[in-house]
Structure formats: structure tokens, C-alpha cells
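Have a look at the structure below before the remarks.
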Amino acid sequence: MENLKVLDVDCNNCAANVRKALEGVDGIENLDIRLSEKIAIVTFDPEKVSKQEITEKVEDFGYDVE
């Protein structure tokens with residue numbers, strides 16, 4: 001299990017975009033959107049999905065991943 005932080009998630013529209021970007025991706029175990037901190041934390045199984053795959057999907061929606 002690993003975590004990624006998605007930066008600049010500061011409104012409900014942003015949260016919906018991140019959810020849409022990661023919808024249906026096998027291996028994602030949890031998505032925690034924290035609007036007050038302007039981040040989303042993605043917990044995933046690296047044996048099922050790579051950090052690079054998740055990063056690319058999120059970046060396609062215009063968000064940076066840490």
C-alpha cells in the first residue's frame with residue numbers, strides 16, 4: 001500500500017475531477033479528498049497499478065501529484 005498526494009484540490013469540482021480521473025482504476029484502495037488542506041490522498045496497491053499510471057491519469061485533468 002502506498003499513498004500519493006494530489007495538490008490544488010480546493011473545491012467540489014476539483015474533487016469530482018480527481019474522482020473521475022481515477023474512477024474504475026483497479027488497485028486504488030481509497031481516495032480521501034481534503035478540501036481544507038487542498039489535497040487528495042490516493043491509497044493504492046502497487047502490485048495492481050503503478051504510481052506512474054495514477055500520476056498520468058490525474059495530470060491529464062490538470063493536477064500535480066506529489
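The values are calculated or read from the model by the stated rules, or taken from the named source; none is laboratory data. Note that the coordinates shown come from a computational prediction; the quantities given were computed from them, not determined experimentally. Backbone-built Cβ (ideal geometry, glycine too); neighbour counts: all protein chains shown.
Structural remarks
- Where G62 falls short, out of the listed (1) on the phi > 0 side of the Ramachandran plot; (2) modelled with pLDDT of 95 or more: (2)
- Qualifying position, being crowded, with 18+ Cβ neighbours inside 10 Å and assigned to a loop (DSSP other than H, G, I, E, B), among V25, V9, V58, V42: V9
- For E47, the test of being acidic (D, E) and either surrounded by 17 or more Cβ atoms within 10 Å (Cβ to Cβ) or modelled with pLDDT under 95 (or both) is failed.
- Total residues in the stretch 28-39, condition among the polar types (S, T, N, Q) and part of a helix (DSSP H, G or I): 1
- When the criteria are applied in full, L35 meets the requirement of being loosely packed, with under 15 Cβ neighbours inside 10 Å and either more than 9 Å from the chain's Cα centre (by Cα) or touching a residue at least 12 places away in the same chain (Cβ under 8 Å) (or both).
- Residue match in the stretch 13-20 (condition: exposed (fewer than 13 other Cβ atoms within 10 Å of the Cβ), over 11 Å from the mean Cα position of the chain (by Cα) and not basic (K, R)): yes
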